[in-house]
Every structure is written in structure tokens, then in C-alpha cells.
Amino acid sequence: MKYYNGFRGCATVGERIRRSALGLTAVLGMVLGMAGTGVATAAEDAEDSARDPISVGAYPRGVAFTPDGTRAYVANRNDGSVSVIETAGNNVTATVRNGSSPFGVAVTPDGDRAYVTNETGWVTVIETARNTVIDSVPVGSSATGLDFTPDGSRAYVATRDGVSVIETAGNTVIDTVPAGESPWGLDITPDGSHAYVTAGDDVLVIETAGNSVIDIVPTGGPLNGVTVTPDGSRAYVTNAVDETMSVIETAGNTVIDTVPAKGGPNEVAVTPDGTRAYVANSIDGSVSIFETAGHTVIDTVPAGRSTRALAISPDGTHAYATNTSDDSISVIGIG
């Protein structure tokens, strides 16, 4: 999941059409617990509710949690920074100067480093222990989505010039995979065998063993985000203009369903148990929640203006959604 400059060319449309509320406060009443268990607020018990937003840098684009869920890293495109959020209190505890136009972000499987794509054609490497930039890797132009193989040995980066493959031990580009028209979103299967890449109207399937495209799945487009389910059986892809989400069965790389979505669907993320998919809607300023068993929308949560990217915590209890026009992160509790 991992993310994408959103509904391409339509950021201003979303700002004119929709001005959603920044957060949803549900603190009405008290819920009595059983004897000896105390009480809980309605907000704490509410399913899929947005809490007070977190202020971050200008035009927050990508967001990613550390593997232990204690921190989240947010790439702020318009002020060249990365905000570090302590998730226990939803507070920004550090701001890392990153360079020009940071976009996507992913944290290594061991949690030691965060890799940040920059649209100027670089990947910045942040050491998470000290939150300092320790390296910069030149890749193709307009770098957007990225993800790691499960062992963390390689990072795959979607760029306008193809998919750059970084060997993380030395932070060097060891291969570039031709990937059609403007590669954008990228996600790697849980077993590390394939990378799914959105490019124009197609999803490209890259076999990581040989770094070659082995399949092309037409879905309509232009496409934005892509994520693979935790069991690797399906890939979910957002179609910006069609305002739909395509469901790809990875065994045969065929589209098995197309689901209506809200205005300007951008990033998509799936809960760790695979039961729900969350889609950030940039024009609608909301997050749609799909039940993966039947591919039906079960809820839509107001977020902020121009909601573009999101990530779900490793324990599956909440999602962070970036609101680019509000310079904020919406925190959505998952029931």
C-alpha cells in the first residue's frame, strides 16, 4: 500500500466541491460497564469513527506505520519534511527535513529505516532511532509508490522511468524494470514473489526473482493505489475517473469484481485480518469501508479536505488518513 499523487490533476476540484469536517467527535454519553469494569466513552466504543485530527506539515501525502505500531511517518510534499507521530498520544514528536517534494513513505520490516520517495527522483533514507537522514538514492523521475520485500533486502520504487529496484544493504539501484505508462502505486505480495504496479489503465505484475513483467491486467483508469491482501489472494486497485475499485484474483491475475466507490478514490489499504478494505476519497473528503467477503460498502467516514492516502495500524485498531488540503491526519478507529 504504499502509495501517489492522488486523483491526478483534480486536487483543486476536490477543494472546491467538498469541504468536509476535519474530525468526528463522538463523546455523547457514557456506557456503563459490568460491575468492576468501569465505564467507557461512546467514542472509545464507536466503530469506524474519526477522532480529532493531527496537524502535520504542508500537503501530507504518504503515511506508514512502524512494524510495532508505535510511530507513524508522514511525507509532507509541500514543505519538504517528514512528520513523526507517536501513536500512543497521536502527537508529532519530530520533524525530519527531507528534501524536495516528499511523496510516498514505507518503513523497513525491521523498523530501523523509513524510505521516502521524492518526486524530484530521489529516495531519502531515514534512520528511525534518531530520525535523521542517513542516505539519498537517485532513482527515476517522479518517484511515487514503494514497498519492500518481506526480508527487507530490496525496495521497489515506482517512477516515471520504470520501477527502480534498490538493494537496501548498500542503498544502490541494482535494476530498473520497464513498466509501461507512468507507474504510480506499488505493493508487494506477502511472500515477496511479485510486485503489483498501477500504470495508466493497467496493473503490471512483476516477478521479483527475475525483475520482469510477467502479466498485465487491464482494469480501466487512470489507476491510483494498489494493495495486496494479507493472504496474497487478491489485489485491490482504485480507478480514479471511473470512481470504482477493481478486485483482482492474483492466482490468475483476472478482475473478478468492480465495486462503486466515492469521489476520487486514491489509496487503498486492507486490515491485517483481511476482512475490510479502506479507500481514501480525495474529492469526497472521506474514507469508504468495504467488506471484503462480499465487496460491499458498509460505511463511509468523513475525514478532511482532499483525503488521499491512508495506512492501517499493525494491530488493526485504527487507520491514519492524510488530508492534503487541511495539512492534517484523520485518525479513524476500527471497530
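Readers should treat all values here as calculations from the given coordinates under stated rules, not as data from a laboratory. Predicted, not measured: the structure shown is a model, and the values here were computed from it. As a convention, Cβ positions derive from the backbone with ideal geometry for all residues, glycine included, and neighbour counts pool all protein chains shown.
Assuming charge only on the beta carbon of Lys and Arg (+1) and of Asp and Glu (-1), the dipole of the range 212-326 about its Cα centre is about 220 debye to the nearest 20. Relative to the compact-globule estimate of 2.2 N^0.38 Å, the Cα radius of gyration of the range 123-243 comes out at 1.04. Among 166-172, 82-88, 117-123, 281-287, the peptide with the highest mean count of other Cβ atoms within 10 Å heads the list, and the full ranking is 281-287, 117-123, 82-88, 166-172.
Counting only Cβ charges, +1 for Lys and Arg and -1 for Asp and Glu, the dipole size of the range 239-306 around its Cα centre is about 180 debye. Taking trypsin sites (Lys or Arg not before Pro) across the range 101-192, the ones in a DSSP loop with at most 15 further Cβ atoms lying within 10 angstrom of their Cβ are 130. Each Lys and Arg adds +1 at its Cβ and each Asp and Glu adds -1 at its Cβ; summed about the Cα centre, the chain shows a dipole of about 980 debye. Ignoring solvent entirely, what values of log10 I(q)/I(0) come out of the Debye formula for the chain at 0.07, 0.10, 0.13 Å⁻¹ when each Cα is a single scatterer? The calculated log intensity ratios at q = 0.07, 0.10, 0.13 Å⁻¹ are -0.25, -0.51, -0.87.
Positive end of the dipole of the chain (Cβ unit charges, origin at the Cα centre): among 306, 217, 203, the Cα lying farthest that way belongs to 306. Do the sum for the chain: with -39,500 (n - 2.57) for every DSSP H run of n ≥ 4, divided by all residues, what is the mean residue ellipticity at 222 nm, to the nearest 500 deg cm²/dmol? Computed ellipticity for the chain at 222 nm equals -500 deg cm²/dmol.
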